[in-house]
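Colleague: Once you've had a glance at the structure underneath, I'll fire off some questions.
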Amino acid sequence: MRAKQLPLKGFMEKPGVYLKRQRDIRGITLEDISRVTKIHMKWLAALENDDHANLPHPTFVRGFIRLYCK
């Protein structure tokens, strides 16, 4: 008997959408995050846009996400 698969397409939001929504809820600008974390604006924008092609090595991105979330 085969298990029924649930349609998950579109169920979960992308990480960048989540980060942007949480930032907007708190009324924080990208400039504020950039100033506090010292992460360049282009990388923060790439994170929020899920633009993986314009991000540095994944090791750096992991640290960016940690700082961004704090």
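Where a number appears in this text, it was derived from the coordinates with a stated rule and is not lab data. Keep in mind the model is a prediction, meaning the values are calculated, not measured.
Colleague: Give the cross-link partners of residue 38 among the aspartates and glutamates, using a straight C-alpha distance below 18 Å as the criterion and excluding same-chain residues fewer than 8 apart.
Modeller: 48
Colleague: Also: Between residue 31 and residue 53, what length comes free when the chain is fully extended (0.36 nm per residue of separation minus the Cα-Cα distance, one decimal in nm)? Before the final figure, lay out the partial values.
Modeller: Working: separation 22, 0.36 × 22 = 7.92 nm, distance 2.17 nm.
Once the chain is fully extended between residue 31 and residue 53, it gains 5.7 nm.
Colleague: Another one. Grab the Cα-Cα distance for residue 40 and residue 22, subtract it from 0.36 nm times how many residues apart they are, and report the gain in nm with one decimal. It would help to have the intermediate numbers written out before the result.
Modeller: Values: separation 18, 0.36 × 18 = 6.48 nm, distance 1.92 nm.
Fully extending the segment from residue 40 to residue 22 adds 4.6 nm.
Colleague: Taking residue 42 as the anchor, which aspartates and glutamates have their alpha carbon closer than 15 Å to its alpha carbon, excluding any fewer than eight residues away along the same chain?
Modeller: 31, 32, 50, 51
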